[in-house]
Amino acid sequence: MDTNQIREIEDCAARAWPPEISEALDGWRLRYTQGVTRRGNSVSPNHLNSALPLAALLEKAEAFYGKQNAPTHFQICPAALPTGLDAALEQRGYTASAHTEVQIVPLAEALEKTTKQISFEIEIADGQSETWFATYRQSEGFDNHSAAVRQGIIQRITQPKALTIARLDGQPAAIGLSVYDSNWVGIFCMATLPDYRRRGAASAVLHAIAAWGQEQGAHNLYLQVMKNNPPA
């Protein structure tokens, strides 16, 4: 995958998870969302239109997070600018954490590999869904604050989105969030309730997401997943 495609996916993913506060810094994007979720509380440094020295940019970014009483995090990928930013951050005392992979697959291949599970009923909403969010919260065990912040993020999404629920015997079994943007569909918030794991519920959600993406005109799916989560 070349740098331009990496940057395209990262831009789509950033728009799919909009922070509460977003401030431009010469192409960088400073994001803050009450400290909940890493993506919503980090610098997205994939564009740069600045003649300022890197040290000055870093000071401005750190001042922004200082005002929020929050640590400064950078979401680093091969498209980060300027070139060598990762090494410069290390020299400044930053350390790497939360290593993440971005997996991509053609939509047609995803449809083929996630054969529709006839036993599951699929429900898709493009706006607020109390059942979807209650299932999400139950599966992840969020406290009131974390749940409210995440609900705000999802409500702020302006791109076409789908809140998908797979039901078994009328009961929610698994959920997923999908966001369409620029020929890509991002997959987020995949979760299966414990009683329904290893029964095809997640596959049913993924199949529904792929079918929905096809209706939007997309050709590819992407998924951001922590490296320490092999099953995902």
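The values are calculated or read from the model by the stated rules, or taken from the named source; none is laboratory data. Predicted model only: the values in this text are computed from it and were never measured. Every residue, glycine as well, gets a Cβ built from its backbone with ideal geometry; the counts of neighbours run over all protein chains shown. The protein model used for the area step is the full one, side chains on, heavy atoms only, and it has no ligands, DNA or RNA in it. Shrake-Rupley method; radii C 1.70, N 1.55, O 1.52, S 1.80 Å.
Kindly indicate whether any position in the stretch 147-168 is touching a Pro at 6+ places or on another chain (Cβ under 8 Å) and over 30 Å from N49 (Cβ atoms). Let's see the steps before the verdict.
So in the stretch 147-168, the residues touching a Pro at 6+ places or on another chain (Cβ under 8 Å) come out as 153, 156-158, 165-166.
Then drop every residue that is not over 30 Å from N49 (Cβ atoms), which leaves 165-166.
The answer is yes, given that some residue of the stretch 147-168 is touching a Pro at 6+ places or on another chain (Cβ under 8 Å) and over 30 Å from N49 (Cβ atoms).
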When S42 is run through (1) open to solvent by 70 Å² or more (accessible area, probe 1.4 Å); (2) modelled with pLDDT of 95 or more, the failure sits at (1)
Log entry, pairs with first residue in the stretch 207-232 being at pLDDT 95 or above, second being aromatic (F, W, Y), beta carbons closer than 7 Å, six or more apart or on different chains, reads G213/Y180; Q216/Y180; A218/Y180; A218/W184; N220/W184; Y222/W184
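For the stretch 171-182, give me each residue that is at pLDDT 95 or above and not hydrophobic (A, V, I, L, M, F, W, C).
From the stretch 171-182, those at pLDDT 95 or above are 171-181; that's our starting set.
Result: Q171, P172, G176, S178, Y180, D181.
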Taking first residues from the stretch 114-141 that are farther than 21 Å from P160 by Cα and open to solvent by 80 Å² or more (accessible area, probe 1.4 Å) and second residues anywhere that are part of a loop (DSSP other than H, G, I, E, B) and of a type outside the set (G, A, S), the pairs with Cβ under 7 Å that are 6 or more apart or on different chains are Q138/L193
Within the stretch 75-104, the residues that are surrounded by 11 or more Cβ atoms within 10 Å (Cβ to Cβ) and within 16 Å of the chain's Cα centre (by Cα) are Q75, I76, C77, A98, T100, E101, V102, Q103, I104
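Table: residues versus (1) more than 24 Å from I21 (Cβ to Cβ); (2) in a strand (DSSP E or B).
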residue: Y136; (1), (2): no, no
residue: F142; (1), (2): no, no
residue: V149; (1), (2): no, no
residue: I165; (1), (2): yes, yes
residue: A174; (1), (2): yes, yes
residue: C189; (1), (2): no, yes
residue: D195; (1), (2): yes, no
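Would you please name the residue that is least open to solvent (accessible area, probe 1.4 Å), looking only at residues in the stretch 1-39 that are among the β-branched types (V, I, T) and touching a strand residue (DSSP E or B) at 6+ places or on another chain (Cβ under 7 Å)? Before you say what the answer is, go through the steps one by one.
Residues of the stretch 1-39 that are among the β-branched types (V, I, T), as a first pass: 3, 6, 9, 21, 33, 36-37.
Okay, now just the ones that are also touching a strand residue (DSSP E or B) at 6+ places or on another chain (Cβ under 7 Å), so 9, 21.
Working: I9: 6, I21: 62 Å².
Going through the qualifying residues, I end up with I9.
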With the first residue restricted to the stretch 147-161 and required to be under 15 Å from Q34 (Cα atoms), and the second required to be at pLDDT below 95 and loosely packed, with under 15 Cβ neighbours inside 10 Å, Cβ contacts under 9 Å at 6 or more apart or on different chains are A147/E140; R150/E140; Q151/Q128; I154/Q128
Picked from the stretch 49-73 (must be under 22 Å from the mean Cα position of the chain (by Cα) and open to solvent by 30 Å² or more (accessible area, probe 1.4 Å)), the residue nearest to G27 (Cα to Cα) is H73
